[in-house]
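What follows is one structure encoded as structure tokens, with my remarks underneath.
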Amino acid sequence: MRYRAAMRGRQRTVGKQSGNAEVNTAMYMPSSLQDHLRDPPAWTKAFLRTFGCGIANHFKKETKNMNTLVIVLIAAVVLFGAYVFYGRWLANKWGIDPKAKTPAVEFNDGKDFVPTNGWTVFSHQFSSIAGAGPVTGAIQAAAFGWLPVLLWVLIGGVFFGAVADFGALYASVKNKGKSMGMLIEKYIGKTGRKLFLIFSWIFCCIVVAAFADMVAGTFNAYTVTDAGVTELAAAATTNGAAGMISIMFMVFAVVLGLIQKKFNLTGWKEAVVGIVCIVASFAIGMNCPLIFGKAAWSYITFVYIFFAAVLPMWLLKQPRDYMTTFMFICMIAGAVVGLVVAHPTMNLPVFTGFTNEKLGTMFPILFVTVACGAVSGFHSLVSSGTSSKTIENEKDMPKVGYGAMVLESLLAVLALCVAGAAAAADGTPAAGTPFQVFSSGVAGFFEMFGVPVYVATAFMTMCVSALALTSLDAVARIGRMSFQELFSVDDMEHAEGWRKLFCNVYFSTIITLAFGFLLTKIGYANIWPLFGSANQLLSALVLITLCVFLKVTGRSNKMIFPPLVIMLCVTFTALVQRFLAMVKAISAAASTTIPAGETTWGAVFIANGLQLILAVLLIVLGLTIVIHSFKSYARSEKNSENA
């Protein structure tokens, strides 16, 4: 089969580029944490023995010749059915008023509040939330087997993630476009708001550092040999072409934004202009590749996200997201059609056990590793931070909030199936990072249909980088807003000079990006393991806020409690595990004589001490917010507010 041959050839060429984020199954976990999770606490072992032995004995290391097409079809039916029935049920239960004046219409300022066509807002929402998570998380977590990943993506996406995303969007639109931080102040209190904004800003800086490093590593044209010599990589032209295409996307996004602003294009006219801009970007980029190193691409990336964070939404971010959505649709369609035509076998094992040698125990690691494909607190920041300010009609909210999330869940399932098709017949995963496995797999499908190798590879390299870029520019804007809201007061006109400075759009953006850039220089991978836990804890905090909002406005909130309780258990367990692992690592390093020239105790502290500090900070912030939230929920009166 041509696909198999293409994949075998691709897997032989996978190499290590200088500075690339190597996202293997243990990438985000230092050896100290791996050791801790391989030998979990006694209560964890007892839990797994009591509730899991029967299932584990039945499925452990079992492989079946499951067709990936069947998996995709099952997932598509479940997710589409969930949108049609459960999504609409939620909308009817909470109430949608197509005649209501939305914040975008009421506060239209041409910058953040901009009335926008529903499908354009959907494009922005999906492009922003469909970052590296659904691909990376699903493929990483497949170390536990493809069945646990599939079940969590479907159950989590339908009952956890889509509900949280739609709920955050709904609450924000019903509260004049307030961001999640401002909603927390209203329903939980000013202390809760301050703590949440600090939590949110730190989280955004971590994401900026991680995704910016991913993008720069993807476009990097150089590699370092075993002898320490820097030379052009075999994929230099492809990576350079993808980088140039990305730059041209930014340029043509501004062109599309200006055209849209002047002529107010909609429907097929807007689509035609957008597709022309996409084709032009690829034509220029593939013929004029930029051969730069990782450092240069890092600077270019931060310059772009600065402008994306400060320019009006209609000028750069919305048109870029609109164009990117077409590209994502082609990528998803290519993966689906490829799976339909080639219908490869799922070679990954069904289930490998509740404990994995590299990742640790399935609870809670599976649930924090597969984040964006199932549930993500970051999505709620997008829903309440940007999308709620552009919704033109309330009838678009289910499509934007619930629909974009279930589509991302489908992307996670596709990534899982592509990785399963690329794995060896004995279940050995394909070589390379999750991004490399996914892009190579889908590019192999395109080649099977006669697309030239260079075109297919450049297209998929651009796609996987865009997954990170679209989330990156969104989180930079949200981080800027969180920093501003942290210091803002009601009467900003008569506020102190320092407060006005901290709330300045440009100053707050520079501070946010500077901290993110610093994290990339000191090794963001040292604190990246906290991303999954922080992200899921953020989702739990959002769910608590939604519980209070729905209660005081007289709406049903029973569907919120199951995901809320589960996510609180998952995230605090993961953070406590991280805390114990870091304490153990630092104690071991302090009592060990490290050979000269190998490393220093200071390096050990940077690698583990930063994680320890952030873990403690996140635990304290999370617990404090949760306590404040539950007190506010207990005090709140049902149906005491009209919204």
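The values are calculated or read from the model by the stated rules, or taken from the named source; none is laboratory data. Because the structure is a prediction, the values reported are computed rather than measured. Note that we place each Cβ from the backbone using ideal geometry, even for glycine, and neighbour counts take in every protein chain shown. Each accessible area value is taken on the protein alone, full model and side chains, heavy atoms only, with ligands, DNA and RNA left out. Shrake-Rupley method; radii C 1.70, N 1.55, O 1.52, S 1.80 Å.
Could you please state how large a percent of the accessible area of the chain is carbon and sulfur, counting protein chains only and using a 1.4 Å probe? Accessible surface attributable to carbon and sulfur in the chain totals 65 percent. Computed from backbone phi, the HN-Hα couplings of the range 260-271 come to 5, 5, 7, 9, 6, 6, 9, x, 5, 5, 4, 5 Hz, rounded to whole numbers (Karplus: 6.51 cos²θ - 1.76 cosθ + 1.60, θ = phi - 60°; Gly and Pro given as x).
Per the Debye calculation on the range 171-215 with a single equal scatterer at every Cα and no solvent contribution, log₁₀ I(q)/I(0) for q = 0.13, 0.20, 0.23 Å⁻¹ amounts to -0.38, -0.67, -0.75.
Highest mean packing first, where packing is the average number of other Cβ atoms within 10 Å per residue, the peptides 340-349, 539-548 line up as 539-548, 340-349.
Charge dipole of the chain (Cα centre as origin; +1 on each Lys and Arg Cβ, -1 on each Asp and Glu Cβ, all else neutral): 940 debye, rounded to the nearest 20. Cross-link pairs exceeding 20 Å in C-alpha to C-alpha distance, out of 186/500; 101/395; 389/638, comprise 186/500; 389/638. In this label model, residue 357 and residue 89 are separated by 4.4 nm, measuring between points 7 Å along each Cα→Cβ vector. Judged by the ratio a/c of the largest to the smallest principal axis of the C-alpha gyration tensor, the range 397-454 counts as oblate, that ratio being 1.5 or greater while a/b is no larger than b/c.
In order along the range 333-349, the Karplus-derived 3J(HN,Hα) couplings, from 6.51 cos²θ - 1.76 cosθ + 1.60 at θ = phi - 60°, round to 4, x, 5, 5, 4, x, 5, 5, 6, 7, 5, x, 7, 6, 8, 6, x Hz, and Gly and Pro are given as x. Accessible surface area normalised per residue over the chain is 38 Å², counting heavy atoms of protein chains with a 1.4 Å rolling probe. Working ranking of peptides 296-302, 554-560 by packing, defined as the average number of other Cβ atoms within 10 Å per residue, highest first, is 296-302, 554-560. Farthest toward the positive end of the dipole of the chain, out of 348, 224, 586, is the Cα of 348, where the dipole comes from beta carbon charges about the Cα centre. Highest mean first, the peptides 241-252, 69-80 sorted by other C-beta atoms within 10 Å per residue fall in the order 241-252, 69-80. One decimal place: the segment residue 176-residue 491 gains 111.6 nm when fully extended, by the rule 0.36 nm per residue minus the C-alpha distance.
Residues whose amide H falls under 5 Å from that of residue 292, counting only those 5 or more places apart or on a different chain, are 221, with hydrogens built in the peptide plane.
Net charge of the neighbourhood of residue 299, taken over other residues with C-beta under 13 Å away and scored Lys/Arg +1, Asp/Glu -1, is +1. Treating r as the C-beta distance of residue 108 and residue 395 and R0 as 22 Å, the FRET efficiency rounds to 0.75. Between residue 263 and residue 617, residue separation times 0.36 nm minus the direct Cα-Cα distance comes to 122.5 nm. Each residue of the range 370-377 was assigned a 3J(HN,Hα) from its phi angle through the Karplus expression (A = 6.51, B = -1.76, C = 1.60, θ = phi - 60°), giving 7, 9, 4, x, 10, 7, 8, x Hz with x at Gly and Pro. Once you have a ≥ b ≥ c as the square roots of the Cα gyration tensor eigenvalues for the chain, tell me rounded if a/c is under 1.5, and otherwise prolate or oblate according to whether a/b is larger than b/c. Rounded, because the longest to shortest axis ratio a/c is under 1.5. Summarising the amide proton neighbourhood of residue 391: residues at separation of 5 or more, or on other chains, whose placed amide H is nearer than 5 Å comprise 104. Once the chain from residue 76 to residue 638 is taken as fully extended at 0.36 nm per residue, the excess over their C-alpha distance is 198.6 nm. Summing charges over all other residues whose Cβ lies under 11 Å from the Cβ of residue 176, with Lys and Arg as +1 and Asp and Glu as -1, gives +4.
With helices as the sole contributors, the chain gives -22000 deg cm²/dmol at 222 nm; each DSSP H run of n ≥ 4 counts as -39500 (n - 2.57), and the sum is divided by every residue. Summing charges over all other residues whose Cβ lies under 15 Å from the Cβ of residue 541, with Lys and Arg as +1 and Asp and Glu as -1, gives +2.
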